[in-house]
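Structure, as structure tokens:
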Amino acid sequence: MIRIEKLTLSAGGHELLVDVDAHIHPGDRVGFVGRNGAGKSTLLKTLMGLHLQDSGSFNHRGRYGYLPQAGVEASQESVWEEARKGMTHILKLQAHLNKTLDALDGSPESIEKHARAEERFQAAGGYLMDEKVGTVLHGLGFGKQDWARPCAEFSGGWRMRIALAKLLLSEPDVLLLDEPTNHLDLHARAWLAGHLAEHKGALVLVSHDRFVLDRCVNTIIELRNKDLDRYTGNFSSYLKQRVEADRLRSLTAEKQADEAAKLQRFVERFGAKATKAKQAQSRAKRLAKLNADRVQAPDTEHGPRLRFKARVARTAEVLDLRGVSGGYDRALFTNLDLDLRRGQRWMFLGENGCGKSTLLRILGGGMAPLEGRRMVAKGVRVGIYQQDQALALNPELRAVDAVLDAAPFVTETQARTALGALGLQGEKALQLIGTLSGGQKARVAMATLTVRELDVLLLDEPTNHLDVLSVGVLAQAICDFEGVVVVVTHDRFLIEYCATHVLRFSQAGLDVHEGLLPKDLLPPDQIVLETAQDGAGGEEAFLSHKERQRQKREAERARKELSKVETRITQLESEIEGVHAQMAQHATDLAKILDLDTQLRALDAELEAKMARWEELGELAE
């Protein structure tokens, strides 16, 4: 359905892809992955004819449907009518059916035409149109009370949902989606993943949501080193295959380098000798062919290195709420008591508009509660990452100046180091914000937090505008932070990976508890059903889930200890080498040798114990 041949692509003066080929066949559900700025969105735009390639070609067959990241205009139509307009093919068949109905005059010819038109309309699912529209709108979070409302009444995020519903109902042969989950809540994302998994045509998806990529794609194409690398399977499968592919590529590159060095030495040594001229020419040809087919070792850059600095703990108590109600014109939640303690990682869950961001702002001190008190321990420092904070950065500032503007107490060197750790090294740190991609802007905003020592991290939708690989880095950084973290997110992977405590907003009120429970990930209409079934296995599911949470916490602790043990093993091996060197130096000094032997025995014993512990931790950390 899509054939890309010798395509070279650039944007903003930067080369993104060079001389690449790819085929996407009917039934392929492809996830485009790669670091921010690698060219995923640009490639989608190119396939839609919205961006001109430098060279090469692409061609495609069938009907295309495309959802960009932004730029959806408002419509005066109702939500229902606007979504229904996406079913162009069926609407044309319906118009033709109505025309044949009006033309019925009792003649055999008119009856036959009407029968054929009705048969085509029915085969296309015409009589199920309303059911399809209702299913898609409900799945994307629109209640029946919203269906008759004009699209113009909705916010930009909800308009994106309307555009997505319209596109899904069009059932194109090739579906191109650029970050479709950006404005979807947890349950709408789960529904979309299931719907896309059943898509009958080809799918090309750019998403930072690992759960969605695992659920609905069967192929991953990674944009890396200006090339396209194809992997069969979902995202989790790709991660495993990528490690093995990099290992083999490194091994091949190393062997080729050794062979090339041997051939080069022979040519340089014997090229001028008449007796060896023929052999030298033969090896020179082999060297030229080897260099032409040379495999490049994989890049050693593993993306951003993210680390939030926690202040030295003075007390476990950090921040408390007592009897808090919050909202604007009306209270979205009432009478909330909340105790935040070091080491806790809170996930605020709930549908859009339920009050999660409002509560986060109250915790951060940026908004006063309608009722109740916010109590902060003396000297506590709070850092907050607002939703779409990256888009609020001044486009006229350089990246490094944006960090200095937000954290004026740091030096330019410290600011550039923070940006470099997040993948914005060298000249990228000096680029204007307006020239950076959405993901690169998000990293600049994140850098303003990493340069500060904090007690509390408040993160509102931090995965927006990050690539899926960077989301994994963020998840680990959250787990490594020793202060308190509160996250508002709809990213299922981040929730499952990080949560130690949950505050869930629901129609019944606020549900605050330790650990992540199965019901926390269910849509509201399924939570009631699960509660009714608790007596028939719900308790077992709860215990099973708590056991998984316990195992995850143990694995996390094991990973932290494993790093320390590995560091100590390296130190011990170095110390043992040093003792051996001293023993060789003092070989004739018996007293010295005996003293060194005692040291060596102690070091060997500790090394053996550390190696045994290293093996144990390796199994626990898996």
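Can you name the residue in segment 419-434 that is on the phi < 0 side of the Ramachandran plot and without any contact (Cβ under 8 Å) to a residue 24 or more places away in the chain and is also surrounded by the most Cβ atoms within 10 Å (Cβ to Cβ) among such residues?
Of all residues in segment 419-434, those on the phi < 0 side of the Ramachandran plot come to 419-422, 424-425, 427-434.
Remaining after also requiring without any contact (Cβ under 8 Å) to a residue 24 or more places away in the chain: 420, 425, 427.
Details: GLY420: 16, GLN425: 13, GLU427: 7.
Checked segment 419-434; the qualifying residue surrounded by the most Cβ atoms within 10 Å (Cβ to Cβ) is GLY420.
Can you tell me which residue in segment 515-531 is surrounded by the fewest Cβ atoms within 10 Å (Cβ to Cβ), limited to those that are under 23 Å from the mean Cα position of the chain (by Cα) and at pLDDT 80 or above? Steps first, answer last, please.
Of segment 515-531, the ones under 23 Å from the mean Cα position of the chain (by Cα) are 515-518, 520-523.
Filter once more, so that each one left must be at pLDDT 80 or above: 515-518, 520-522.
Numbers: GLY515: 17, LEU516: 24, LEU517: 19, PRO518: 13, ASP520: 21, LEU521: 18, LEU522: 16.
Step by step, filter segment 515-531, then rank; the result is PRO518.
Exactly one residue among VAL487, VAL468, VAL512 is at pLDDT 80 or above, under 27 Å from the mean Cα position of the chain (by Cα) and within 17 Å of TYR385 (Cβ to Cβ), and that residue is VAL487.
Restricting the search to strands (runs of 3 or more DSSP E) fully inside segment 1-115 and requiring at least 2 residues that are out of contact with any Pro (no Cβ under 8 Å at 6 or more places or on another chain) gives 2-11, 14-24, 29-33, 55-60. Exactly one residue out of SER282, SER250 is without any contact (Cβ under 8 Å) to a residue 12 or more places away in the chain, hydroxyl-bearing (Ser, Thr, Tyr) and farther than 30 Å from ALA193 by Cβ, and it is SER282. Within segment 392-413, being surrounded by fewer than 16 Cβ atoms within 10 Å (Cβ to Cβ) and not in a loop (DSSP other than H, G, I, E, B) holds for ALA392, ASP405, GLU412, THR413.
When LEU205, LEU287 are checked against the criterion of being touching a Leu at 6+ places or on another chain (Cβ under 6 Å) and free of Cβ contacts under 8 Å to residues at least 40 places away in the same chain, a single residue qualifies: LEU287.
Residue by residue, here is whether (1) open to solvent by less than 90 Å² (accessible area, probe 1.4 Å); (2) under 24 Å from VAL18 (Cα atoms); (3) without any contact (Cβ under 8 Å) to a residue 24 or more places away in the chain; (4) not in a helix (DSSP H, G or I) holds:
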site: LEU223; (1), (2), (3), (4): yes, yes, no, yes
site: TYR231; (1), (2), (3), (4): yes, yes, yes, yes
site: LEU239; (1), (2), (3), (4): yes, yes, yes, no
site: ALA261; (1), (2), (3), (4): yes, no, yes, no
site: GLN264; (1), (2), (3), (4): yes, no, yes, no
site: VAL267; (1), (2), (3), (4): yes, no, yes, no
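Out of curiosity, is LEU432 over 21 Å from LEU494 (Cα atoms) and among the hydrophobic types (A, V, I, L, M, F, W, C)? Yes; evaluated as a whole, the condition is true for this residue.
Considering each of ALA609, ALA587 in turn, give the residue that is over 30 Å from GLY515 (Cα atoms), assigned to a helix (DSSP H, G or I) and open to solvent by less than 80 Å² (accessible area, probe 1.4 Å). Can you show your working first?
Working: ALA587 fails: assigned to a helix (DSSP H, G or I).
Unique residue meeting the criteria: ALA609.
Which of the strands (runs of 3 or more DSSP E) found entirely inside segment 332-387 contain at least 3 residues meeting this: within 20 Å of ASN464 (Cβ to Cβ) and without any contact (Cβ under 8 Å) to a residue 12 or more places away in the chain?
Details: elements: 345-349, 371-376, 382-385.
Hits in segment 332-387: none.
Residues in segment 146-172 that are assigned to a loop (DSSP other than H, G, I, E, B) and surrounded by 16 or more Cβ atoms within 10 Å (Cβ to Cβ): TRP147, PHE154, GLU171, PRO172.
Output the helices (runs of 4 or more DSSP H) that fall wholly within segment 417-520 and possess 2 or more residues being farther than 26 Å from ALA392 by Cβ, or say none.
Working: elements: 438-450, 468-480, 492-498.
Because the criterion is at least 2 residues that are farther than 26 Å from ALA392 by Cβ, the helices (runs of 4 or more DSSP H) in segment 417-520 that meet it are 468-480, 492-498.
Considering segment 128-145 alone, what residues qualify as being part of a helix (DSSP H, G or I), loosely packed, with under 11 Cβ neighbours inside 10 Å and of a type outside the set (D, E, K, R)? It would help to see each step written out before you state the result.
Our first condition is that a residue be part of a helix (DSSP H, G or I); within segment 128-145, this holds for 128-139, 144-145.
Keeping just the survivors that are loosely packed, with under 11 Cβ neighbours inside 10 Å gives 130-131, 144-145.
Across segment 128-145, the qualifying residue is only GLN145.
Restrict the check to segment 292-311 and report whether at least one residue is outside any loop (DSSP other than H, G, I, E, B) and among the hydroxyl-bearing types (Ser, Thr, Tyr). Please lay out each step first, then the result.
Step one: list which residues in segment 292-311 are outside any loop (DSSP other than H, G, I, E, B), which gives 292, 309-310.
This time we only want the ones that are among the hydroxyl-bearing types (Ser, Thr, Tyr), so: none.
For segment 292-311, residues outside any loop (DSSP other than H, G, I, E, B) and among the hydroxyl-bearing types (Ser, Thr, Tyr): absent.
The residue that is surrounded by the fewest Cβ atoms within 10 Å (Cβ to Cβ), among those in segment 17-41 that are basic (Lys, Arg) and within 11 Å of LEU205 (Cβ to Cβ), is ARG29.
Residues of segment 450-465 that are modelled with pLDDT under 90 and aliphatic (A, V, I, L, M): VAL451 alone.
Kindly check whether there is at least one residue in segment 116-127 that is part of a helix (DSSP H, G or I) and touching a Gly at 6+ places or on another chain (Cβ under 9 Å). Before you say what the answer is, go through the steps one by one.
As a first pass, look at segment 116-127 and keep what is part of a helix (DSSP H, G or I): 116-123, 126-127.
Subset that is touching a Gly at 6+ places or on another chain (Cβ under 9 Å): 118, 120.
Looking through segment 116-127, at least one residue is part of a helix (DSSP H, G or I) and touching a Gly at 6+ places or on another chain (Cβ under 9 Å).
Applying the criterion of being in contact (Cβ under 8 Å) with a residue 40 or more places away in the chain, open to solvent by 30 Å² or more (accessible area, probe 1.4 Å) and closer than 30 Å to ALA421 by Cβ to the residues of segment 307-331, the residue that is nearest to the chain's Cα centre (by Cα) is ARG307.
The values are calculated or read from the model by the stated rules, or taken from the named source; none is laboratory data. All of these numbers come straight from a predicted model, not from anything done at the bench. Quick reminder, even Gly has a Cβ in these numbers, built from the backbone with ideal geometry, and neighbours come from all protein chains shown. Surface areas here come from the heavy atoms of the whole protein model, side chains and all, with no ligands, DNA or RNA. Shrake-Rupley method; radii C 1.70, N 1.55, O 1.52, S 1.80 Å.
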